[in-house]
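A.B. asks: Structure incoming, see below.
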Amino acid sequence: MSNLYIIATPIGNLEDITLRALRVLKEADLILCEDTRQTKKLLAKYEINSPTMSYHQHSKLNKINKIVDLLECGKNLALVSDAGTPGISDPGNKLIEYLVENKIDVKIIPIPGPSAVISALCISGFPTDNFIFLGFVPHKKGRQTFFENLAKEKRTAAFYESPHRIIKTLESMKKYIPEKEIAVCRELTKIYETTYRGKPDEVAKKIAPDQVKGEFVVVVN
Ligand code: SAM
């Protein structure tokens, strides 16, 4: 039986990769990448020369069929996303779902490591024995319901937001959850890593216009 390794890669700092992940990447017959250019930066740093192939959210069924053929021929494949743990709010889970649903004879093996949501939760200072992860905030449809549910939520909640929408999302939080405490974690593990804490209006005041660049995880309590 062949193996498909689901490998967590750094969310910024290229040192955040496990020894096991490096060994498996080195030994893989093929590395499936969300974006091969992105992954090649990591592979170059660790002098890994395994072949790569793109697999992303727009990949069609014939790409999945090609992957299944390789697995059925006994090839050992590794799956990585641009950052963090594949399948967590990124394309990997579609492939895994397909393999499981179609009972493809492959062992799916996690190689654990960084994930932005876990990094944010562990520094939030909020209870983490029972939390909910909400993925990305909906842009239009479902946006109001998203914040209404957040207002009712008793557990610590975490979600992802893009730099283009973080200000709009802070405005929504000021409206729907003005009294909740939040931690907005920006650029985790990177040079400009910053965590802004407080109520939504306090955090909104702290984020200067030149700080809306980068990647964000929002944690709400
Ligand atoms: N699979 C990834 C993981 O395990 O973290 C998440 C992929 S998702 C497509 C990308 C989102 O994760 C970004 O838009 C941002 O919200 C969050 N993210 C990724 N890296 C981050 C970082 N270094 N700091 C803060 N948020 C980050």
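The values are calculated or read from the model by the stated rules, or taken from the named source; none is laboratory data. None of the values given here were measured: they were computed from a predicted structure. Neighbour counts run over all protein chains shown; Cβ positions are idealised from the backbone, glycine included. The protein model used for the area step is the full one, side chains on, heavy atoms only, and it has no ligands, DNA or RNA in it. Shrake-Rupley method; radii C 1.70, N 1.55, O 1.52, S 1.80 Å.
Residues are listed down the side, and each one gets a yes or a no for (1) in a loop (DSSP other than H, G, I, E, B); (2) modelled with pLDDT under 95; (3) at positive phi; (4) away from the ligand (no atom under 16 Å from the Cβ):
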| site | (1), (2), (3), (4) |
| --- | --- |
| I6 | no, no, no, no |
| I11 | yes, no, no, no |
| A21 | no, no, no, no |
| L25 | no, no, no, yes |
| S59 | yes, yes, no, no |
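A.B. asks: Given the structure, is P114 on the phi < 0 side of the Ramachandran plot and touching an Asp or Glu at 6+ places or on another chain (Cβ under 9 Å)?
C.D. replies: It is true that P114 is on the phi < 0 side of the Ramachandran plot and touching an Asp or Glu at 6+ places or on another chain (Cβ under 9 Å).
A.B. asks: So, of the residues in region 165-186 that are in a loop (DSSP other than H, G, I, E, B) and in contact (Cβ under 8 Å) with a residue 40 or more places away in the chain, which turns out to be least open to solvent (accessible area, probe 1.4 Å)?
C.D. replies: The qualifying residue least open to solvent (accessible area, probe 1.4 Å) is I177.
A.B. asks: Let me ask something additional. Name the single residue, out of those in region 155-164 being surrounded by 14 or more Cβ atoms within 10 Å (Cβ to Cβ) and not small (G, A, S), that is farthest from P209 (Cα to Cα).
C.D. replies: Checking each candidate, the answer is R155.
A.B. asks: Kindly establish whether S54 is surrounded by 14 or more Cβ atoms within 10 Å (Cβ to Cβ), of a type in the set (S, T, Y) and at negative phi.
C.D. replies: Taking the combined requirement at face value, the residue satisfies it.
A.B. asks: Search region 199-221 for residues being in contact with an Asp or Glu (Cβ under 7 Å, 6 or more places away or on another chain) and open to solvent by less than 70 Å² (accessible area, probe 1.4 Å), and hand back the single one that is farthest from G135 (Cα to Cα).
C.D. replies: K199
A.B. asks: While we're looking at this one, here's another question. Can you give me the number of residues within region 70-89 that are loosely packed, with under 14 Cβ neighbours inside 10 Å and under 24 Å from I48 (Cβ atoms)?
C.D. replies: 2
A.B. asks: Would you check which residues across region 72-88 are more than 14 Å from the ligand (Cβ to nearest atom) and under 25 Å from the mean Cα position of the chain (by Cα) and list them?
C.D. replies: N76, L77, A78
Results for (1) more than 11 Å from the ligand (Cβ to nearest atom); (2) outside the structural domain of G87 (by TED's automatic domain parsing); (3) under 23 Å from N13 (Cα atoms), shown as yes or no for each residue.
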| residue | (1), (2), (3) |
| --- | --- |
| K141 | yes, yes, no |
| K152 | yes, yes, no |
| S162 | no, yes, yes |
| R165 | no, yes, no |
| E181 | yes, yes, no |
| R186 | no, yes, yes |
| A204 | yes, yes, no |
| F216 | no, yes, yes |
